[in-house]
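K.L.:
One structure, as structure tokens, below. Some questions next.
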Protein chains: 4
Amino acid sequence: MKCIELASPSSLDTIRVVEREVPRAGPGEVLMRVHASSLNFHDYLVATNIMPAPSGRIPLSDGAGEVVELGEGVTRFAVGDRVTGTYFPRWIDGPPTPDKISVMRGEQCDGFAAEYVAVDAETLTRTPANLSDVEAATLPCAGLTAWRALFVEASLAPGDTILIEGSGGVSLFALQLARMAGANVVAVTSTPEKMEKLRLLGAAHVLNYREQPEWGKAVTALTGGRGVDYVVEVVGGDLTQSLTALRLGGRSLLIGALSRQPITYRSLMAIAGNRSVTGLTVASRADQEKMFRAIEISGLKPVIDRTFGLEELADAFRHQASGTQFGKIALAW
Amino acid sequence: MKCIELASPSSLDTIRVVEREVPRAGPGEVLMRVHASSLNFHDYLVATNIMPAPSGRIPLSDGAGEVVELGEGVTRFAVGDRVTGTYFPRWIDGPPTPDKISVMRGEQCDGFAAEYVAVDAETLTRTPANLSDVEAATLPCAGLTAWRALFVEASLAPGDTILIEGSGGVSLFALQLARMAGANVVAVTSTPEKMEKLRLLGAAHVLNYREQPEWGKAVTALTGGRGVDYVVEVVGGDLTQSLTALRLGGRSLLIGALSRQPITYRSLMAIAGNRSVTGLTVASRADQEKMFRAIEISGLKPVIDRTFGLEELADAFRHQASGTQFGKIALAW
Amino acid sequence: MKCIELASPSSLDTIRVVEREVPRAGPGEVLMRVHASSLNFHDYLVATNIMPAPSGRIPLSDGAGEVVELGEGVTRFAVGDRVTGTYFPRWIDGPPTPDKISVMRGEQCDGFAAEYVAVDAETLTRTPANLSDVEAATLPCAGLTAWRALFVEASLAPGDTILIEGSGGVSLFALQLARMAGANVVAVTSTPEKMEKLRLLGAAHVLNYREQPEWGKAVTALTGGRGVDYVVEVVGGDLTQSLTALRLGGRSLLIGALSRQPITYRSLMAIAGNRSVTGLTVASRADQEKMFRAIEISGLKPVIDRTFGLEELADAFRHQASGTQFGKIALAW
Amino acid sequence: MKCIELASPSSLDTIRVVEREVPRAGPGEVLMRVHASSLNFHDYLVATNIMPAPSGRIPLSDGAGEVVELGEGVTRFAVGDRVTGTYFPRWIDGPPTPDKISVMRGEQCDGFAAEYVAVDAETLTRTPANLSDVEAATLPCAGLTAWRALFVEASLAPGDTILIEGSGGVSLFALQLARMAGANVVAVTSTPEKMEKLRLLGAAHVLNYREQPEWGKAVTALTGGRGVDYVVEVVGGDLTQSLTALRLGGRSLLIGALSRQPITYRSLMAIAGNRSVTGLTVASRADQEKMFRAIEISGLKPVIDRTFGLEELADAFRHQASGTQFGKIALAW
């Protein structure tokens, strides 16, 4: 079978397609024919050696496909079941612990960039019936992070308003999940084209932060002086604008730090503003199962920017690095 | 001005339309030109002396209209604002207390069955922009009860499944609010006509309890063996079927007792089933404000069975008693 | 080694002490030298065939002892560690599911009534340093049930008041845990001797339900007309007295049904009273770990009525059936 | 009567004792004979014109005393009742809103530095029976802030561990309240004398941050590598040490910013650490009522550093500014 291997130290130029034996399903494992994956920031950090992995590592945390063989003792799935992987294979349920988040697929253990993988059956979930494998493979990292922010850490309810920043994977999923839940969305982005696309996806208000660098106050005005209930924070650094946009008692859900700067804000904005900043990273298998039920009921379709082949992985990463995409970058094979 | 007065003891035959002076707005009050109301079970109990009110009581807890005069010190509203009343005028915020729920409009104090009422400005909320007065006037009792069940007592999230019983006001609002929130709805009702209407409103599965008296197991089967997450219980009495329909760890939200029988169920269904039964009655002004934001964002439209004039109140109550309605019985003047 | 076996159908008269080979720790297992256990109602139901188990079953869900051998791959414990078992070996974390509660130790799998047991290392927790094995062995069923009621289902806080019924294992643990948390306790019991003992353990008010069959109102009066925040319900049947004792918005935590009657109460007590009844059964390993930290910090000591030897198990069950005990019935060997 | 007035701009040198007419209780008000107050950081900021108040303002947010006259319509209290004021007179219940926290006693309206004050009866609470007026007057600002941090924003449970910084009012109350709730306390402070006093109050571990500037790791080690569940943050600025001390998934409860520096921390500590920082400021009357019940049940006694007379207010502020106190600075008259 074909699979992708990283060198050590890894770089986009040393990503290689190799032939390996098709693995067998050991006790408790299933053999999965993988059909699709998608790119996340974490995958990029591993592939470019910022988060170094050992030589020979198969990358990519996202993966969807089909069960083709059952290892001894597996009752959770049957051959032919469509399945989607989880980001943290050791996090089944409950709140995070150091042990549960110690292994990320594609970094501390092999990922899904292969025609076949043998994985513990406990680390897979059924694919929603309304999604193709490519669509399902966009969800385990970015989609589930947005889900946890809104429905595990927060209890987003109809009538709430969230703010999203930019149009990366987590931000778009947050937008779509919030609309699915009867909530309102305000978006800040950088170009008229992205503004239009965000409106089409259901954002009630879209601002251009280049034109309105003091967008915090503008958001407050757009919400009748009240402010938004939640910010899905992906930029980090100086939170002044996003905390200004938050209502008194509102919460910033901190899931990314694209600015690569330390978090900073005036203490009064938090204390007198009764505001909180909650850091979080992906979620459990139980959370993914619940998100998948929600997606099946609502018919939500992930936004896919472009789909590459497995052998084009380095090009796909280069497209990711360009920052021009709108929606997820997928891989299918 | 015209208004409705109850006799004591009250009956549908002694409901009378009378002329009174238009009241003036005292300190902290607004004078409201009432345009609409709707009927709830509580109104019927008061009108038929099951919950006796003093002679001369103006009935009806629901009301919507317009501010026409401001009393001294009122800053919460301006003349011309469209406003909707609250069921518990003493419950502004926070959880219920004996004091907060001691006064129900139309029973312990006058209600909205009048051309003009002078009411404490703190007990009114702004009418959602997308609703007519008649539509808004269907919400403060039945709509808010469904809202509290799903979003205050429960934290209904996308992907959850609720079960509703019949097609009374609270049940239909629960259906609509659940759909607004990305949740799934199973309904049990009694006639093919109502089954069809419930499907059109978005119920994924509808059962006829006359044909399937053991509907609890049928619901479990329809949900893939899992059971529903919540039951909005309006019948009460023997909860065996509705607790059977509930998943392990699920919750029954008990808001009505149409059966007029004591609640009863086998203890093992609760203990081994980890199930709970939560009683509740309407909600606070703050909850109504949040529900109204949700309705404005989502564009939800209440289902109205029929609209009567103020002077036809006794007929409207008789229609309510017939049990043939689907949706709220409204009044407009 | 010595161990206890049940016959099928089981009865107290056919409980037998047998010799078996000391088991070996398989992969993922530890071999545990068991030193103590205690009796719970569930053990009695199994031993008397009300909840039938297969012939040869080793009974008793509670157990504490020492790790004497590690199976392949075990890193969670070292030889010499003091460990205590869990009631639901498949429930590690998160909320309950049908699968997690499908196996109860001593019923669907062997229990701790043996000198040595080989058990999955994931199903054990470290014994609190301040407890003997006998003390620790009183906690996994009764103590953890009280813990989950007060701190998982409820969020008991200082200043809250709970009501306990009688002086069984769960009730006494609820009393002690509530006092540890700064909460107030009202107890209802049947004899002056038990009243005195409950006062010594920290109950602020103790009533004799034989002298005050309408004890619900008496409790309300004792709490200044407010009612208690929580009832730890172990009797079940007609909940009129215990719901009367609950404040508006209060919660009954239903963990037992000694009356063997169906739960019943007037719907108005729940609806107008905004009261809920939450059924629950024991808890997860993660909850046990947290409870053990609390016990270690506070120095709580379980109340032990009497300690029997392993070979006296039938006599211990007969003592349990007498209902004369105050505190847990323990076994040590 | 005697009372204290601030000049505008205010300074410690222009605080003056003046004679005024005893006020009368208007409608809804009670006349309160004030006997005690205490100093908070907010009072200092007002008195030193950092938070400017109008000329003639009576300072001090805390106050306890006795009801001596009832205004028209007051049923909440009787003459002779012992009462304690609230910090936010407009915040009765529920979560904070801009309106509810718009008025702080002693800044936007008159405070308690007077022999008599006429105040809205809704803004007072009954004094716990076990506290003197001086003791009760230490609680409405500092005690209630600690209470909200631990029991409203967090749900502190037995077995949790909190970290406190220094020995200011909020920190000591957090220590005492946590111990009342069965929780563990780690404290960091600056002198051997304060270390000893913190141990006597029940802190399990006390560190000297001057000797251990990298105290975050030391705290992690003291908690068996796990970290604390909550930090009660009063210093602000660079949160590196306190977030290092927090376990994965732990929460910083940000109530003060003595460092006067912006909050800053590396985003990875929040995101990969799943940690949150929650700002908050005092709480509602309903929260104060609940805290007072807890104090009455537990017998908690506030730590008072020193008590001044009303006319010594400027000296009391100078003592506060010295930073040498351990516990609250009280005033009695």
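K.L.:
Determine if the stretch D:70-79 includes at least one residue that is under 23 Å from the mean Cα position of the chain (by Cα) and of a type in the set (Gly, Ala, Ser).
P.N.:
The answer is no, given that none of the residues of the stretch D:70-79 is under 23 Å from the mean Cα position of the chain (by Cα) and of a type in the set (Gly, Ala, Ser).
K.L.:
Here's something else I'd like to know. So is C:PHE41 over 17 Å from C:LEU313 (Cβ atoms) and among the aromatic types (Phe, Trp, Tyr) or not?
P.N.:
When the stated conditions are applied, C:PHE41 does not pass them.
K.L.:
Give me a count of the residues in the stretch B:13-40 that are within 28 Å of B:GLY323 (Cα to Cα) and surrounded by fewer than 17 Cβ atoms within 10 Å (Cβ to Cβ).
P.N.:
Number satisfying all stated conditions: 4.
K.L.:
From the list B:LEU280, B:LEU300, which one is within 14 Å of chain C (Cβ to nearest Cβ) and either of a type in the set (D, E, K, R) or surrounded by fewer than 24 Cβ atoms within 10 Å (Cβ to Cβ) (or both)?
P.N.:
Within the list B:LEU280, B:LEU300, the selection yields B:LEU280.
K.L.:
Could you identify the single residue in B:ARG126, B:ARG76, B:ARG90 that is within 27 Å of B:PHE308 (Cα to Cα) and of a type in the set (Lys, Arg)?
P.N.:
When all the criteria are applied, what remains is B:ARG126.
K.L.:
Further question: Test of understanding: among B:GLY166, B:GLY94, which residue is touching a residue at least 60 places away in the same chain (Cβ under 8 Å), within 27 Å of B:PRO27 (Cα to Cα) and open to solvent by 10 Å² or more (accessible area, probe 1.4 Å)?
P.N.:
B:GLY94
K.L.:
Could you check, for the stretch A:100-114, whether at least one of its residues is surrounded by fewer than 17 Cβ atoms within 10 Å (Cβ to Cβ), on the phi > 0 side of the Ramachandran plot and part of a loop (DSSP other than H, G, I, E, B)?
P.N.:
For the stretch A:100-114, residues surrounded by fewer than 17 Cβ atoms within 10 Å (Cβ to Cβ), on the phi > 0 side of the Ramachandran plot and part of a loop (DSSP other than H, G, I, E, B): absent.
K.L.:
Is the stretch D:61-72 home to any residue that is in a loop (DSSP other than H, G, I, E, B), aliphatic (A, V, I, L, M) and buried (at least 19 other Cβ atoms within 10 Å of the Cβ)?
P.N.:
no
Here is a yes/no grid of residues against (1) within 14 Å of chain B (Cβ to nearest Cβ); (2) touching a strand residue (DSSP E or B) at 6+ places or on another chain (Cβ under 9 Å); (3) in contact (Cβ under 8 Å) with a residue 24 or more places away in the chain:
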{"residue": "D:SER38", "(1), (2), (3)": "no, yes, yes"}
{"residue": "D:GLU69", "(1), (2), (3)": "no, yes, yes"}
{"residue": "D:GLU72", "(1), (2), (3)": "yes, yes, yes"}
{"residue": "D:ASP99", "(1), (2), (3)": "yes, no, no"}
{"residue": "D:SER102", "(1), (2), (3)": "yes, no, no"}
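K.L.:
For the stretch C:163-176, state whether one or more residues are aromatic (Phe, Trp, Tyr) and closer than 27 Å to C:GLU72 by Cα.
P.N.:
No: the stretch C:163-176 contains no residue that is aromatic (Phe, Trp, Tyr) and closer than 27 Å to C:GLU72 by Cα.
K.L.:
Tell me, please, whether a residue that is open to solvent by 30 Å² or more (accessible area, probe 1.4 Å) and more than 10 Å from every other protein chain (Cβ to nearest Cβ) can be found in the stretch A:237-244.
P.N.:
Scanning the stretch A:237-244, I find at least one residue that is open to solvent by 30 Å² or more (accessible area, probe 1.4 Å) and more than 10 Å from every other protein chain (Cβ to nearest Cβ), so the answer is yes.
K.L.:
Collect the residues in the stretch B:16-47 that are touching a Phe, Trp or Tyr at 6+ places or on another chain (Cβ under 8 Å) and part of a loop (DSSP other than H, G, I, E, B), keeping them in residue-number order.
P.N.:
B:VAL22, B:PRO23, B:LEU39
K.L.:
Return only the number of the condition from (1) within 25 Å of B:SER284 (Cα to Cα); (2) surrounded by 24 or more Cβ atoms within 10 Å (Cβ to Cβ); (3) more than 11 Å from every other protein chain (Cβ to nearest Cβ); (4) not aromatic (Phe, Trp, Tyr) that C:VAL231 does not satisfy.
P.N.:
(1)
K.L.:
Right, something else. I want to confirm something. Restricting to the stretch B:202-217 and keeping residues that are away from chain A (no Cβ under 14 Å) and not in a loop (DSSP other than H, G, I, E, B), which single residue is farthest from B:ASP305 (Cα to Cα)?
P.N.:
Filtering the stretch B:202-217 for residues that are away from chain A (no Cβ under 14 Å) and not in a loop (DSSP other than H, G, I, E, B), the one farthest from B:ASP305 (Cα to Cα) comes out as B:LYS217.
K.L.:
Being within 14 Å of another protein chain (Cβ to nearest Cβ), aliphatic (A, V, I, L, M) and open to solvent by 20 Å² or more (accessible area, probe 1.4 Å) is true for just one of A:ALA129, A:ALA118. Which residue is that?
P.N.:
Only one candidate passes the filter, namely A:ALA129.
Okay, residues lined up against (1) within 16 Å of D:CYS141 (Cβ to Cβ); (2) in contact with an Asp or Glu (Cβ under 6 Å, 6 or more places away or on another chain); (3) not assigned by TED's automatic domain parsing to the domain that holds D:TYR87:
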residue	(1), (2), (3)
D:ARG285	yes, no, yes
D:PHE292	yes, no, yes
D:ARG306	no, no, no
D:ASP315	no, no, no
D:GLN320	yes, no, no
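K.L.:
A follow-up question, please. Take the residues in the stretch A:220-232 that are in contact (Cβ under 8 Å) with a residue 40 or more places away in the chain and in contact with a Gly (Cβ under 7 Å, 6 or more places away or on another chain); name whichever of them is nearest to D:ALA272 (Cα to Cα).
P.N.:
So the residue we want is A:TYR230.
K.L.:
Being more than 13 Å from every other protein chain (Cβ to nearest Cβ), buried (at least 17 other Cβ atoms within 10 Å of the Cβ), of a type in the set (Ser, Thr, Tyr) and more than 17 Å from the chain's Cα centre (by Cα) is the requirement here; does D:THR220 meet it?
P.N.:
Against the criterion (more than 13 Å from every other protein chain (Cβ to nearest Cβ), buried (at least 17 other Cβ atoms within 10 Å of the Cβ), of a type in the set (Ser, Thr, Tyr) and more than 17 Å from the chain's Cα centre (by Cα)), D:THR220 does not qualify.
K.L.:
For the list (1) facing another protein chain (nearest Cβ under 7 Å); (2) touching a Lys or Arg at 6+ places or on another chain (Cβ under 9 Å), I need the number of the one condition that A:ALA294 fails.
P.N.:
The number of the failed condition is (2).
K.L.:
Looking for something within 15 Å of D:ASP43 (Cβ to Cβ) and touching a helix residue (DSSP H, G or I) at 6+ places or on another chain (Cβ under 9 Å) - is there at least one such residue anywhere in the stretch D:119-139?
P.N.:
Yes, the stretch D:119-139 contains at least one residue that is within 15 Å of D:ASP43 (Cβ to Cβ) and touching a helix residue (DSSP H, G or I) at 6+ places or on another chain (Cβ under 9 Å).
Table: residues versus (1) more than 14 Å from chain D (Cβ to nearest Cβ); (2) under 18 Å from the mean Cα position of the chain (by Cα); (3) under 27 Å from B:ILE295 (Cα atoms).
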| residue | (1), (2), (3) |
| --- | --- |
| B:PRO59 | yes, yes, yes |
| B:VAL83 | yes, yes, yes |
| B:TRP91 | no, yes, yes |
| B:GLU107 | yes, yes, no |
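K.L.:
Sticking with this structure for a sec: Identify all residues within the stretch D:257-275 that are at the interface with another protein chain (Cβ under 7 Å from one of its Cβ atoms) and in contact with an Asp or Glu (Cβ under 8 Å, 6 or more places away or on another chain); write none if there are none.
P.N.:
Scanning the stretch D:257-275 gives D:THR264, D:TYR265.
K.L.:
Determine, yes or no, whether D:ALA332 is open to solvent by less than 30 Å² (accessible area, probe 1.4 Å), more than 8 Å from every other protein chain (Cβ to nearest Cβ) and more than 28 Å from A:LEU243 (Cβ to Cβ).
P.N.:
no
K.L.:
Any residue in the stretch D:180-194 that is under 18 Å from D:ALA294 (Cβ atoms), open to solvent by 10 Å² or more (accessible area, probe 1.4 Å), touching a His at 6+ places or on another chain (Cβ under 7 Å) and in contact (Cβ under 8 Å) with a residue 12 or more places away in the chain?
P.N.:
no
K.L.:
Moving on to the next point. Restrict the check to the stretch A:148-156 and report whether at least one residue is farther than 29 Å from A:ASP81 by Cα, in the same structural domain as A:GLN212 (by TED's automatic domain parsing) and open to solvent by 10 Å² or more (accessible area, probe 1.4 Å).
P.N.:
yes
K.L.:
Right, another one. Taking the stretch A:40-67, which residues are basic (Lys, Arg) and free of Cβ contacts under 8 Å to residues at least 40 places away in the same chain?
P.N.:
Once the filter is applied, which keeps residues that are basic (Lys, Arg) and free of Cβ contacts under 8 Å to residues at least 40 places away in the same chain, the stretch A:40-67 yields nothing.
K.L.:
So how many residues does the stretch D:245-264 have that are under 20 Å from D:GLN176 (Cα atoms) and open to solvent by 30 Å² or more (accessible area, probe 1.4 Å)?
P.N.:
Residues meeting the conditions: 1.
The values are calculated or read from the model by the stated rules, or taken from the named source; none is laboratory data. Since the structure is predicted, the reported quantities are computational estimates derived from the model, not experimental observations. Glycine also receives a Cβ, built like all others from the backbone with ideal geometry; neighbour counts cover every protein chain displayed. The protein model used for the area step is the full one, side chains on, heavy atoms only, and it has no ligands, DNA or RNA in it. Shrake-Rupley method; radii C 1.70, N 1.55, O 1.52, S 1.80 Å.
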